[in-house]
Amino acid sequence: MYAAQAQGVAFLLIGATFTALPLVQQVVLSGYTHGRSGATPRLPTDAFFLCK
């Protein structure tokens, strides 16, 4: 559910950008997620999606 909602918002933002700025040729939008790893105290950053 989270993935579908995040991707929906991403495509909404991309569509709004092309509508508001017709001269724009390309929009790149990336989504990242942080998750806990039991092996290290760091929060790893994983690419969630990339829309180009």
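The values are calculated or read from the model by the stated rules, or taken from the named source; none is laboratory data. Just so it is clear, the structure is predicted and the values come from calculations on it, not from any experiment. When we count neighbours, we look across all protein chains shown, and the Cβ atoms used for this are built from the backbone with ideal geometry, even at glycine.
Is it true that some residue in region 1-12 is at pLDDT 90 or above and of a type outside the set (Val, Ile, Thr)?
Yes, some residue in region 1-12 is at pLDDT 90 or above and of a type outside the set (Val, Ile, Thr).
Can you pull out every residue in region 1-24 that is hydrophobic (A, V, I, L, M, F, W, C) and either touching a His at 6+ places or on another chain (Cβ under 7 Å) or assigned to a helix (DSSP H, G or I) (or both)?
3, 4, 6, 9, 10, 11, 12, 13, 14, 16, 18, 20
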